[in-house]
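What follows is a short report on a single structure.
Any read-out appearing in this document is the output of simple, stated calculations on the displayed coordinates, not a laboratory observation. Predicted, not measured: the structure shown is a model, and the values here were computed from it. Note that we place each Cβ from the backbone using ideal geometry, even for glycine, and neighbour counts take in every protein chain shown.
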Ligand SMILES: Nc1ncnc2c1ncn2[C@@H]1O[C@H](COP(=O)(O)OP(=O)(O)O)[C@@H](O)[C@H]1O
Ligand SMILES: [Mg+2]
């Protein structure tokens with residue numbers, strides 16, 4: 001199996017009747033098992049990119065390969081869709097059934113999983129996201145974070161190789177955000193599922209292995225969180241925030257306080273400050 005999970009080569013995407021492409025000449029490779037955050041201001045092209053990654057959209061120019069399968073080749077369409085599950089922003093729009101168990105089964109029904117295999121796969125998926133106690137509950141009565149975890153279970157039951165989450169935490173409260181992020185981080189860590197995590201929460205991006213920043217349909221930054229968040233000025237010019245501790249570090253450094261580059265979290269700051277107080 002190839003180590004390249006997603007490979008984009010000079011990809012542009014133009015919506016019908018639009019003058020300006022939503023994505024312009026984007027190229028990158030995402031390896032199997034990577035956990036990549038995608039940042040960008042509203043309208044920068046993040047959702048368009050997400051839909052190109054599972055073949056929902058086809059590039060106007062260039063090539064999108066998913067596990068070496070060209071999304072333009074119709075023989076791979078199904079394969080690609082079921083191997084890269086998508087989670088969207090609004091948990092309510094993703095509920096399709098009146099009982100959690102049926103909601104999780106829905107995706108499997110669509111791809112023709114043998115009904116006798118379903119109960120075990122439903123249980124396994126719900127256990128993985130910590131929602132097994134809610135098997136027979138009504139999904140619309142759950143919290144936002146719980147709904148998103150049920151949505152993730154529905155995808156896991158289809159046994160995907162990748163998850164593409166398009167601002168899956170945007171409508172959640174802080175605790176719901178945390179529970180969904182932790183669930184996905186664990187899936188990445190323990191099952192090696194490739195994750196593309198589109199977000200505008202810097203504290204989430206800081207915790208991903210790699211951060212991409214798109215702006216005006218172009219890839220502007222692509223690196224480790226340390227590399228990307230050390231570009232405070234550029235990020236602000238792209239109308240993005242810098243994580244609070246990175247901002248504080250910048251401010252202190254500009255006032256002549258000796259701190260290293262790459263401070264991102266409270267833990268980083270604590271370590272560096274204490275090291276200077278000895
Ligand atoms: N269905 C559509 N038809 C025409 N233009 C669209 C459509 N969806 C998005 N766009 C445009 O494409 C650009 C990128 O949008 P999108 O990918 O949704 O960005 P993001 O998810 O980063 O907010 C924006 O300029 C947006 O207005
Ligand atoms: Mg979007």
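Note on residue 109 and residue 224: the extension gain reaches 37.5 nm, defined as 0.36 nm multiplied by sequence separation minus the Cα-Cα distance.
Taking a ≥ b ≥ c as the square roots of the Cα gyration tensor eigenvalues, the stretch 1-127 comes out prolate, since a/c reaches at least 1.5 and a/b is larger than b/c. Normalised Debye scattering of the stretch 98-160 at q = 0.20, 0.24, 0.26 Å⁻¹ gives log10 I(q)/I(0) of -0.63, -0.91, -1.06, counting only Cα atoms as equal scatterers and leaving out solvent. Computed on the stretch 4-225, with alpha-carbon pairs under 8 angstrom and 6+ residues apart, the relative contact order is 28 percent. I need to check one value: relative contact order of the stretch 120-232, counting alpha carbon pairs closer than 8 Å and at least 6 residues apart, in percent. That works out to 20 percent.
With the convex hull constructed from alpha-carbon coordinates only, the stretch 159-215 shows a mean projected area of 4.2 nm² over all directions. Overall form of the stretch 137-179: oblate. Here a/c, set by the Cα gyration tensor axes a ≥ b ≥ c, is 1.5 or more, and a/b is not larger than b/c.
When the alpha carbon gyration tensor of the chain is reduced to an equivalent ellipsoid, the three semi-axes, largest first, read 33, 25, 16 Å. Computed from the Cβ-Cβ distance with R0 of 22 Å, the FRET efficiency linking residue 28 to residue 72 stands at 0.75.
With the convex hull drawn around the C-alpha atoms of the stretch 6-51, the volume per residue stands at 78 Å³. Residue exposure proxy: 197, 78, ordered by other Cβ atoms within 10 angstrom of their Cβ from fewest to most, comes out as 78, 197.
P(r) tail, the stretch 197-278: Cα-Cα pairs separated by more than 14 Å, 62% of all pairs. Treating the angle as unsigned and between 0 and 90°, give the value, to the nearest 10°, between the Cα long axis of helix 100-110 and the longest Cα principal axis of the chain. With both axes taken from Cα atoms, the answer is about 80 degrees. With both labels modelled 7 Å from their Cα along Cα-to-Cβ, the residue 159 to residue 56 distance reads 2.4 nm.
Using just its DSSP H runs of length 4 or more, each adding -39500 (n - 2.57), the chain gives a mean residue ellipticity at 222 nm of -11000 deg cm²/dmol after division by all residues.
Computed from Cα positions, the angle between helix 244-254 and the longest principal axis of the chain comes to roughly 20 degrees.
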